[in-house]
Amino acid sequence: MTTFEIPDVRPVHRIGYGAMQLAGPGVLGPPTDPARAEAVLRRAVELGVDHIDTADFYGPWTVNELIAKALRPYPDDLLLATKIGAYRDREGAWLPLSHPDALKSQVHDNLRRLGRDVLDLVYLRHVADRPGIELADQLGALVELRDQGLVRGIGLSHVTAEQFEQAQRLTSIAAVQNAYNLLDRGSADLLERTARLGVAFVPFFPLGSGFVADSGVRDDQVVRSIAQRRGARPAQVSLAWLLRRSPNVLAIPGTSSIEHLEINVSADRVDLSDEDVAELDALVAEGTAAEQAR
C-alpha cells in the first residue's frame, strides 16, 4: 500500500481501519460477538494496516478495551488515533465535553484503556461552540500534553476551514478528520487547504453513512458499472476514488466483518482510469454536503 507521512507522527499506509463499528448497535455497548471483533482487529494488522482510528466514547470505552485486548503488545509500527471532546449520554446522544481540564482527563483515560504510554494522534472533536471555552485554550491543553510526551500529533475533527486556519495559527496540526466521500463533499475546501500544507485529511464515513449499503456505496449505477468493468466491488471503487482525490487522503473504512475488511484493504489495487474518475467526480459537485446530495 502507498503511504503518507502524518506531520509530527510517522508515515502510515493510506488505507487504515476505523474501529467504531466494533461497538454494539448505535455504537453503544459491547459487540454481540466480542471474539469476532477481536479477530477483525488482528486480521487488520495481519493485512498490513498500521493506522487504527478509535475513541473512548465508542461504546463508550468498549472499543478501546477491545483494541487493547486483541492487539497488545502492540506492533512497533501501529499508529493509534483517538478523539476527545465528546461523551455519550444514556440515550446515546453525542454531547460536548470540551473544557481544557476535561480534555486532559480524556487523554489520560484513552492512555489507560489502550494501555499506551503515548497517544500517536489525538483529534479534538468539535461538537458545538461552548460559551466561555475558546479553541486556543482547548489546543493549549493538548500542546501541554504534547510537551509532556503524552501526545505526538494533534488533530481536529468536525471543523470548518476557518477553524482549521485559526488552529494552524496556534500550533501545528497533524491531521483533520471530517466527512468526505463520493456523495458528501462538503469539506472539499478544507481538503484542498490541508493538501497544500501537507496535513493529513482523514475522511470519516469514507463509504458514506445512512444513504449507503453495508460496507459499500449507494446502489448507484455509475459506481456499479465501474466496479464491474474493473472486476472490483463498489466499496473498493469508492475508496480508490478517495485515494486518487488527493495524496494526503488517508481512508479509514470501518467494518465488523473480516470479509469486508479484506475487500476494503485491497482497494488501492483497483486501477481507475481517468474516464472512471471523471464519471465519479460528476456524481456530486465539490462542496456539496450529504443532505443536499440525496
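The values are calculated or read from the model by the stated rules, or taken from the named source; none is laboratory data. Bear in mind the structure is a predicted one, so any value in this text is a computation, not a measurement. Note: ideal-geometry Cβ built from the backbone for every residue, glycine included; neighbour counts use all protein chains shown. Accessible surface is based on the protein model in full, side chains and every heavy atom, while ligands, DNA and RNA are left aside. Shrake-Rupley method; radii C 1.70, N 1.55, O 1.52, S 1.80 Å.
In this structure, Leu103 qualifies as touching a helix residue (DSSP H, G or I) at 6+ places or on another chain (Cβ under 6 Å), open to solvent by less than 40 Å² (accessible area, probe 1.4 Å) and either touching a residue at least 12 places away in the same chain (Cβ under 8 Å) or not aliphatic (A, V, I, L, M) (or both). Out of curiosity, is Ile133 over 29 Å from Pro75 (Cα atoms), β-branched (Val, Ile, Thr) and touching a Ser or Thr at 6+ places or on another chain (Cβ under 7 Å)? Yes, satisfied. Residue by residue through the stretch 180-222, note down the ones that are outside any loop (DSSP other than H, G, I, E, B) and modelled with pLDDT under 95. Of everything in the stretch 180-222, those that are outside any loop (DSSP other than H, G, I, E, B) and modelled with pLDDT under 95 turn out to be Phe204, Gln221, Val222. Within the stretch 57-66, does at least one residue satisfy the condition of being closer than 18 Å to Tyr123 by Cβ, of a type outside the set (A, V, I, L, M) and in contact with a His (Cβ under 9 Å, 6 or more places away or on another chain)? Looking through the stretch 57-66, none of the residues is closer than 18 Å to Tyr123 by Cβ, of a type outside the set (A, V, I, L, M) and in contact with a His (Cβ under 9 Å, 6 or more places away or on another chain). Answer yes or no: is there a residue in the stretch 63-76 that is within 17 Å of Ala251 (Cα to Cα) and open to solvent by less than 30 Å² (accessible area, probe 1.4 Å). No: the stretch 63-76 contains no residue that is within 17 Å of Ala251 (Cα to Cα) and open to solvent by less than 30 Å² (accessible area, probe 1.4 Å).
Checking Glu144, Glu162 one by one, the residue that is open to solvent by 50 Å² or more (accessible area, probe 1.4 Å), charged (D, E, K, R), in contact (Cβ under 8 Å) with a residue 12 or more places away in the chain and over 26 Å from Gly254 (Cα atoms) is Glu144 and no other. For the stretch 77-91, a tally of residues being open to solvent by 10 Å² or more (accessible area, probe 1.4 Å) and in contact (Cβ under 8 Å) with a residue 24 or more places away in the chain returns 3. The residue that is farthest from Gly198 (Cα to Cα), counting only those in the stretch 244-253 that are touching a helix residue (DSSP H, G or I) at 6+ places or on another chain (Cβ under 7 Å) and open to solvent by less than 20 Å² (accessible area, probe 1.4 Å), is Pro253.
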